[in-house]
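Here's the structure, in structure tokens; my notes come after.
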Amino acid sequence: MKRPFLILSILILSIVSARKVYAQNQTVEKSVTGIQVGFLGANIYNEARLADAFSLRSQFALFPGFFGGDAYPNTGLVLFPELSLQPKYYYNLKKRGDEGKVTTNNSANFISLDFKYLPDWFSVFNKDAIPVGNSFGIIPTWGLRRNFSEHFNYEFNVGLGYAAYLNSDNSNTSGIMFNLGFKIGYDF
């Protein structure tokens, strides 16, 4: 009778102590660097921890755009650079860890405020050159990030915010900017 009780006690203590160690590590990773590719662009990013559930993502992306309609005689595709800073709050990181789900490399749901800048540095077109112009946007975003392997991840995000387009003739315009993304990536 003593032997099964001893084995059961050791097993329970092992599980409890492992859960405590795991629970203590339910914070945003110190630094996550990687690349992501999706239908709506490709990016190189780094997420740095600011606090237990907060990170700051900085990224460089090639962002696609489509043109056509009344403004241009042809339709086509353009790729242009995008720089962004995105403070993120991972609101269910601890809950996922408590449930025994993977939280590696910030695998959780998040809300963020995405600050985007699209400079007029260069662009890649499939037709004759079309000016892109400088613009910036501020977009509240909701998203989720999951790992499906040790280094591979996918991320989905959606948001709606404000954009300002800085035209070269000082006729600045503003409007709504929609953010929708689904990307598959690799963390280094």
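The values are calculated or read from the model by the stated rules, or taken from the named source; none is laboratory data. Keep in mind it's a predicted model, so treat the numbers as computed, not measured. No Cβ is skipped: glycine too gets one built from the backbone with ideal geometry, and neighbour counts run over all protein chains shown. The protein model used for the area step is the full one, side chains on, heavy atoms only, and it has no ligands, DNA or RNA in it. Shrake-Rupley method; radii C 1.70, N 1.55, O 1.52, S 1.80 Å.
Pull out all pairs, ordered by first then second residue, where Cβ-Cβ is under 7 Å, the residues are six or more apart or on different chains, the first lies in region 100-112 and is part of a loop (DSSP other than H, G, I, E, B), and the second is among the aromatic types (F, W, Y).
Matching pairs, first to second residue: N106/Y90; A108/Y90.
Could you list all residues from region 150-170 that are open to solvent by 30 Å² or more (accessible area, probe 1.4 Å), more than 16 Å from P140 (Cβ to Cβ) and in a strand (DSSP E or B)?
Correct list: F152, Y154, Y165, L166.
Does region 90-125 hold any residues that are open to solvent by 80 Å² or more (accessible area, probe 1.4 Å) and touching a Phe, Trp or Tyr at 6+ places or on another chain (Cβ under 6 Å), and which are they?
Hits for region 90-125 are I111, Y117.
Return the pairs, sorted by first residue and then second, in which the second residue is among the polar types (S, T, N, Q) and open to solvent by 40 Å² or more (accessible area, probe 1.4 Å), the first residue lies in region 136-156 and is at pLDDT below 95, the beta carbons are less than 6 Å apart, and the residues are 6+ apart or on different chains.
Correct list of pairs: N147/T104.
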